[in-house]
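Undergrad: There's a structure below that I have some questions on.
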C-alpha cells in the first residue's frame, strides 16, 4: 500500500511493544511477538482498537494479565492511532525462529528493603525460649516441644530425628495403562495377538493396569524472623524427603524468593544450612508471601517440577504485602499443583484462629492446614503428603 | 508443517469468505451469535493465520457455541472432541475394532491365514476418533476441543503434538496427514492452568459475560418471542445476580432460559412473583437460590439498570 520506510517503522513499533510488555514482566516470547506482527498484517489497515485486540489475542494468555496489558498499550500507542501495514520485512519472520522464549524472560524484581521489619520481629519469640528452657531432653518431651523452644543441643538431636523421619512420597496414577499380569482392564489387543498363535483361540488372557508415579514435592519455606526455627526444621524435613523420593523442589522466601534445591541435593545437612544462609540474603527479614509466590509462579513454574506436585507452604501467614495479591497467587498455585498443604506453627496453639489477613486470604486455596511446630506434627505432615 | 511456514500472508486468507472483522461480526450476527469486537477479531485472526483459538471464560458464556456457529458459517463439518479426566489416544485419535478382528480371526481359519492377518489391520477395522477424523477432513472441518482443562497434562502434551503437525503415523497403515489444518477452537473453563507451550501455539481470547445491552440483544436474537421490555428486565436482573456473592454465576444460556420461562408465563415485565417462580432456570445451586430469594426485591428493582 505505501513505501517501505514507514512500514519498517511500524513493524519496529509493534516489536517494541512486545519487548515493552516483557520489560513489564509479562511472559512475552519472540514467538508471541511474531504472531502479533502477523496478526496485524492479516488485519491490513488497522485502527487502535484492531491493534488492541490483535495484541490481546496474541501476546497474552491469562485474564490476570489483561490489566497490565491495557496499561502498557495505553502508554505505548497514542490515541487516534491508525496504521496501514503491508510488511514485506516481516515476511522473513519465521515462526520456527522463536526458540528463545524461556531464556530471555526477564523477571521484574522489586527492591523493597525489609530492614525495619527485621528488628521488631526478633524480640518476643526469643524471650519465651529462655523461660521454658528446663531439663526436658527425653525424646517423648522433645516430640511435643515446639521448634521455637529448643535449645541448641536439642535442636541438633531433633534434626537427626527429623532426617530419619519416614517421608512417604506422594504418588499418582499415570494416565497410561501398561501391560500387567493382572489389572483392571482387559487387554483385547494383546489377547488377540496371542490368540493368533493358538489358532485364534484366546487361551491366554492379557490385562492392563495403570502404573504409579511419584508426584514432585515442592517446599516453599518462609524464613522471616518468627518463622526461622520452624523453617530450619522443615529444611531438615526436605532432606528426609530428598532421601526418600526423587523429585523435590525447595524454595525459601522472606521478601524475595530463592531456590535452594541444588544446595540441598549436593551438600550434607549442616554445611547445606550454612550455604543456604549465605545464599538467602534476607534470612529472617520480613514476609511478602504474595510477591514471593508470584516470583515462584512467574519464574519457575515452567522450569522446575511444580505442575501436578504436592506443594507445602510453611508460613505464619503474617503478610506484609497486599492480601489480595496473596489470594490471587494462591489461586494460581492451586490451579497448577495437585494439593496445597499449608504448615502454620501458630496453629499449634489451641487458641489459634486464622484471622490474620494474609492467612484468611490464602485459606480458600488450601487443601490441608497443619501446625508443623514440633516433631509429632511433622510426622502428621509426612502422612498428609502421602495422599 | 505450519511451524516452518515463513510467509506473513497465509494461504488461508483467500479462502475465508469474509474480508474484514466487521463483515465477520455481521455474519456471526446472522447466525444469531452476537460477538463483540474482541471476539470477532480473535476468530478472524485464528482463521486467517491458521492458528488454533483458545477460548477461556466462565461456564455458559458461549465458548462452545463459537465453534458451532463457525462451522455453519464456513459450511464446514464440526468435529467435536469432548475432554474428560483420563482421556487417552485411543479415545481421541483412533482404535482398532477388536471385536470385529476377533470375529474375523475365527472366520478365516484356513491355510491362507497368513495373508488374512494383514487384512486384520486394514482400514475397515480402524475406528476413527475425533482427532483422526479432523486430520482426514483437514480444511473441510472445524475441530472443537471442548473443556481441555478436564483432561490431564499428558493429554495436553499429546494434543500439542497433533496440533503442531496435523499428521499421525499409524504403524499398520502409514502416515495420515491433513491437506491443510482444520480450524481449531479449544475451550477451557480454567479449572486449572493450561501449559504455556500449548498457549503459545494458540491465539487467546477470554470471553466475559456480555455487557447489558449486548445481552438484551442476545435474548432478542435467541428468543424472538420475548418482548423488548421483558428482555431488558431479565438481562438487568441477571446482571445484578452476577454481582452477588454466589457460588455459580449464571451464564448467557441461563439468561436465555429465564427469558423463555418468563415469556412462557405470559408476563411483559419481570416482577418479584414471576422471578421467584422461575428462579430455578437461572440459579442451580440451593444456597445461591436462598440468597437470591432473600434479596429478590433488589434483583428485579425497577430503577436505573446496573451497568
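Undergrad: Simple spin-label model, 7 Å along Cα-to-Cβ: residue A:349 to residue B:285 in nm?
TA: Each label point lies 7 Å from its Cα, and together they span 3.4 nm.
Undergrad: Hey, another quick one. Quick one: among B:207, B:108, B:219, which has the greatest mean-square fluctuation in a GNM of chain B with alpha-carbon springs under 10 angstrom?
TA: B:108
Undergrad: Taking 37 °C and 0.692 mPa s as the conditions, I'd like the Stokes-Einstein D for region A:294-387 in µm²/s, using the Kirkwood hydrodynamic radius from alpha carbon pairs.
TA: Details: Rh = 13.8 Å.
Estimated via Stokes-Einstein, D reaches 239 µm²/s.
Undergrad: For a test of the definition: using alpha carbon positions, the gyration tensor, and the 1.5 limit on a/c, classify region A:172-249 as rounded, prolate or oblate.
TA: Working: a/c = 7.12, a/b = 5.43, b/c = 1.31.
Here region A:172-249 falls in the prolate category.
Undergrad: How are the C-alpha pair distances of chain B spread across 20 Å bins, as whole percents from the shortest bin up?
TA: Calculated over all Cα pairs of chain B, the distribution is 29, 46, 22, 4, 0 percent.
Undergrad: Another question about this same structure. How big is the gap, in Å, between the Cα center of region A:212-253 and the Cα center of region B:241-307?
TA: 49
Undergrad: Could you put A:189, A:173, A:347 in order, starting from the residue whose Cβ has the fewest other Cβ atoms within 10 Å? Each step should come with its number before you reach the end.
TA: On the way: A:189 16, A:173 13, A:347 20.
So the ranking, lowest neighbour count to highest, is A:173, A:189, A:347.
Undergrad: Which ordering of B:64, A:151, B:191, A:35 is given by a fewest-first count of other beta-carbon atoms within 10 Å? Display every interim value, and only then the final one.
TA: Numbers: B:64 19, A:151 16, B:191 11, A:35 27.
By the 10 Å Cβ count, ascending, the order reads B:191, A:151, B:64, A:35.
Undergrad: If you don't mind, there's one more thing I want to ask. By count of other Cβ within 10 Å, fewest leading, how are B:196, A:65, A:324 ordered?
TA: On the way: B:196 16, A:65 21, A:324 11.
The order, fewest Cβ neighbours first, is A:324, B:196, A:65.
Undergrad: Taking the Cα atoms of region B:129-221, what is the range of coordinates along each of the three principal axes, in descending order and whole Å?
TA: Principal extents (largest minus smallest coordinate, Cα): 55, 29, 21 Å.
Undergrad: A follow-up question, please. For region B:84-174, compute Rh as the Kirkwood radius over C-alpha pairs and then the Stokes-Einstein diffusion coefficient at 20 °C and 1.002 mPa s; write the answer in µm²/s, rounded to an integer.
TA: Values: Rh = 15.0 Å.
Here the translational diffusion coefficient equals 143 µm²/s.
Undergrad: Test of understanding: in a Gaussian network model of chain B with alpha carbons linked when under 10 Å, which of B:270, B:126, B:34 would top the mean-square fluctuation ranking?
TA: Sorting by GNM fluctuation, first place goes to B:126.
Undergrad: Moving on to the next point. Restricting to chain B, compute how many DSSP beta bridges are antiparallel as a %, nearest 5.
TA: Values: 7 of 25 bridges.
Expressed as a percentage, antiparallel bridges in chain B total about 30.
Undergrad: Give me a single rounded figure for A:210-221: the average over its residues of other chain Cβ atoms within 10 Å of their Cβ.
TA: Values: counts 1, 0, 0, 0, 0, 0, 0, 0, 0, 0, 0, 0.
Taking all residues of A:210-221 together, the mean is 0.
Undergrad: For helix B:212-222, report the angle its Cα long axis makes with the longest principal axis of the Cα atoms of chain B; keep it between 0 and 90° and round to the nearest 10°.
TA: That works out to roughly 60 degrees.
Undergrad: Within 10 Å of each Cβ in B:97-105, how many Cβ atoms from other chains are there, averaged over the peptide? List each step's numbers first, then the result.
TA: Values: counts 1, 6, 2, 0, 5, 6, 1, 2, 7.
Taking all residues of B:97-105 together, the mean is 3.
Undergrad: Could you compute the FRET efficiency for residue A:357 and residue B:98, with r as their C-beta to C-beta distance and R0 at 60 Å, rounded to 0.05?
TA: The computed FRET efficiency comes out at 0.50.
Undergrad: Under the definition of partner shielding as Cβ atoms of other protein chains within 10 Å of a residue Cβ, what is the mean value for peptide A:28-40?
TA: Values: counts 0, 2, 0, 3, 3, 0, 1, 7, 0, 1, 10, 9, 2.
The shielding value for this peptide is 3.
Undergrad: Against the longest principal axis of chain B, how steep is helix B:153-165, in degrees 0 to 90 to the nearest 10, with axes from Cα atoms?
TA: Around 70 degrees separate the two axes.
Undergrad: What Kirkwood hydrodynamic radius do you get for region B:239-307 when you take the inverse of the mean 1/r over all pairs of distinct Cα atoms, in Å?
TA: Values: mean 1/r = 0.0818 Å⁻¹.
With all distinct Cα pairs of region B:239-307 included, I get 12.2 Å.
Undergrad: What is the diffusion coefficient of region A:298-353 in µm²/s, taking the Kirkwood radius over Cα pairs and the Stokes-Einstein relation at 37 °C with a viscosity of 0.692 mPa s? Please report the intermediate quantities before stating the final value.
TA: Details: Rh = 12.8 Å.
In µm²/s, the coefficient rounds to 257.
Undergrad: With each label point set 7 Å from Cα along the Cα-Cβ vector, what nm distance links residue B:23 and residue B:118?
TA: 5.1
Undergrad: I've got another one for you. Mind checking the angle between helix B:228-243 and chain B's longest principal axis? C-alpha axes, 0 to 90 degrees, to the nearest 10.
TA: 80
Read the figures in this text as sums done on the coordinates, not as results from a lab. Predicted model, so just to flag it, every value in this text is computed and none were measured. When we count neighbours, we look across all protein chains shown, and the Cβ atoms used for this are built from the backbone with ideal geometry, even at glycine.
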